[in-house]
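Bear in mind that the values in this text are calculations on the coordinates, not laboratory data. Quick caveat, the model's predicted, so the values are computed rather than measured. Because the Cβ atoms are built from the backbone with ideal geometry, glycine has one as well, and the counts that use them run over all protein chains shown.
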Amino acid sequence: MTNHRAGLAITDIPSARLITPEFLALNAVMFLTYCNVAVFFQFHQYLGTLPIPSESFGFLIGLFSLIVLILRPIISPFLTPENATRWIFISCIGVIGSLAMYNWAESFWTMSLVRLVHGGAYVVLATAVLSRLVGCIPADRSGQAFGLVSVITVLPYAVVPPALPPLIQFAGGFREVLNLSALVMALALPLTYFMRGTGEEDTRPSSGTPLLDGILENLKDRRVLLLLGLSLVVWTTFTPVFYFLKEYGAKLGIANPGWFFTLSTAAEILVRIVGGPVFDRLNKALMLAASQAMLCVGYLLLAHVSDSTAFYGSGLLLGLGWGVAMPLLSSLMFDISQPRFRALNSNLAMEMFQAGFFIGPIAGGAILLSWDYAVLFSACAIVSFVGLSAALCLRRKVSVHQGKRKTSELR
């Protein structure tokens with residue numbers, strides 16, 4: 001089967017059923033996992049209640065993603081569709097335990113240790129889930145699949161942030177909320193019963209040292225590099241909004257800034273549900289460029305808001321941009337990859353996700369130490385403009401690749 005919908009050529013297995021018990025179970029585990037990430041929406045504020053120097057807050061926030069960034073390339077070759085279920089089960093227990101450890105983290109060093117342990121358990125879980133998930137996706141339905149997956153991964157950001165203030169009040173504190181999150185995460189354990197498939201054989205590198213061989217081969221394809229760079233841009237600009245929005249909203253006099261993410265996530269979900277089925281029929285590179293332009297405008301608006309209407313309006317605009325960009329990044333990476341390198345490339349894209357969650361808070365914290373929120377979100381707009389340029393370059397390279405492919409087929 002040859003797919004030219006996005007200017008890409010993919011030869012793979014015939015179309016298969018997307019919605020299976022395993023696909024649903026994997027998405028449910030991802031949902032629970034992201035709920036336990038979204039619960040840290042007020043982590044920056046919580047750190048302020050501890051005897052920890054304020055200049056280390058950005059580091060402690062980013063340390064979680066740093067350990068994920070370091071460990072993912074190391075563990076990726078060892079997590080295969082065959083052993084992923086076992087490691088999903090083990091790492092779920094690790095995440096539950098690490099959430100409980102926050103009860104004893106009250107200093108810089110103990111908090112650093114807990115963040116390292118939490119990040120380590122999370123990266124094993126995320127890498128194992130992704131290794132199995134890629135094998136569940138039919139080759140010609142990547143846009144629809146990642147549209148659904150991305151809805152699952154952003155839904156917690158619509159529900160959790162606005163629910164945190166009353167939940168903290170009900171539970172008695174932020175630590176108690178983390179304890180509740182640990183209990184909720186336990187629901188993922190029985191879901192591993194449905195993960196009994198072996199995955200598609202062509203999603204695994206064939207031989208040798210798969211990670212090194214895959215990286216070297218992928219570096220020859222500039223489309224892969226551009227997509228990795230775009231992923232880094234999207235997530236680096238997203239994280240300052242996630243981690244610093246509450247204080248920004250409070251400065252503006254917004255009663256509950258968490259509703260910003262409810263509105264933005266509702267926009268993300270809407271565009272993915274409506275657009276998911278047609279993502280595979282449109283030019284994905286062009287849509288990605290349009291999303292970067294929308295994000296650039298959204299960050300500029302957020303930087304200069306003065307009331308709640310503009311504040312929430314910028315959330316809707318950014319939600320539309322994120323709603324298009326995030327699933328398309330995953331879908332395009334899936335499409336341009338050789339089948340045996342899809343899992344590897346997906347994990348490389350997740351490396352950029354974690355890099356963004358490390359760079360964003362640290363850079364954002366540094367900007368706020370010297371400037372204000374307007375400068376912070378204006379910087380996000382500038383970085384998104386760079387992403388727009390990269391997306392336009394990607395579109396040209398995709399068109400050139402399509403032309404070469406058609407010429408080869410004619411011969």
So which trypsin sites (Lys or Arg not before Pro) in the stretch 217-303 end up in coil per DSSP with only 15 or fewer other C-beta atoms within 10 Å?
Lys220, Arg281
Under a point-charge model restricted to the Cβ atoms of Lys and Arg (+1) and Asp and Glu (-1), what is the dipole moment magnitude of the chain relative to its Cα centre, in debye to the nearest 20?
1020
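Let me check I've understood the local charge: for Val39, count other residues with C-beta under 15 angstrom from its C-beta, Lys and Arg +1, Asp and Glu -1. What total comes out? Please list the in-between numbers first.
Details: positive: Arg115, Arg175, Lys246; negative: Glu176.
Around Val39, the charge tally is +2.
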Any idea what angle helix 308-336 forms with the longest principal axis of the chain, computed on alpha-carbon atoms, 0 to 90 degrees, nearest 10?
30
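With a Förster radius of 60 Å, plug the Cβ-Cβ distance of Leu113 and Thr309 into 1/(1 + (r/R0)^6) and report the FRET value to the nearest 0.05.
Numbers: r = 44 Å, r/R0 = 0.73.
Working from the Cβ atoms, E equals 0.85.
Quick one: net charge of Ala290's neighbours, Cβ under 13 Å, K/R +1, D/E -1?
Details: positive: Lys284, Arg395; negative: none.
Net charge in that neighbourhood comes out at +2.
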Within the stretch 312-344: backbone nitrogen closer than 16 Å to the Ala293 label point (7 Å, Cα to C-beta)
318, 320-322, 324-325
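Taking the Cβ of each residue in Ile70, Ile137 as the centre, tally the other Cβ atoms inside 10 Å and list the residues starting with the fewest.
Numbers: Ile70 16, Ile137 24.
Ranking Ile70, Ile137 by Cβ neighbours within 10 Å, fewest first, gives Ile70, Ile137.
From Cα pairs below 8 angstrom and at least 6 apart in sequence, can you work out the relative contact order of the chain, rounded to a whole percent?
On the way: 630 pairs, mean separation 112.9, N = 411.
Over the chain, the number comes to 27 percent.
Which ordering of Thr20, Thr49, Thr127 is given by a fewest-first count of other beta-carbon atoms within 10 Å? Provide the component values of the computation, followed by the final result.
Values: Thr20 13, Thr49 10, Thr127 26.
Sorted ascending by nearby Cβ count, the order is Thr49, Thr20, Thr127.
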Between Gln169 and Ile382, the FRET efficiency computed from the C-beta separation at R0 = 45 Å comes out, to the nearest 0.05, as 0.70
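Hey, got the dipole for the stretch 233-374? About the Cα centre, +1 on K and R Cβ, -1 on D and E Cβ, debye to the nearest 20? Working shown, then result.
Numbers: 7 positive and 7 negative charges, 63 e Å.
Computed about the Cα centre, the dipole is about 300 debye.
FRET efficiency for Arg396 and Glu55, Cβ-Cβ distance as r, R0 = 41 Å, nearest 0.05? Kindly include the intermediate steps, with their values, before the conclusion.
On the way: r = 43 Å, r/R0 = 1.06.
For R0 = 41 Å, the calculated efficiency reads 0.40.
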So what's the projected area for the chain, the Cα convex hull averaged over all directions, in nm²?
18.7
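Of the chain, which part is the longest with no GluC sites (Glu not before Pro) in a loop (DSSP not H, G, I, E, B) and with at most 16 other C-beta atoms within 10 angstrom? Numbers along the way, then the final one.
Working: sites that count: Glu82, Glu106.
Result for the longest clean stretch: 107-411.
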Charge dipole of the chain about the Cα centre (unit charges at C-beta), most positive-ward option of Ile254, Tyr34, Val149
Val149
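What full-extension length gain, to one decimal in nm, is calculated for Asn283 and Leu189 as 0.36 nm per residue of separation minus the Cα-Cα distance? Walk me through the numbers on the way to the answer.
Values: separation 94, 0.36 × 94 = 33.84 nm, distance 3.91 nm.
Taking 0.36 nm per residue and subtracting the Cα distance, the gain is 29.9 nm.
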Treating the angle as unsigned and between 0 and 90°, give the value, to the nearest 10°, between the Cα long axis of helix 84-101 and the longest Cα principal axis of the chain.
10
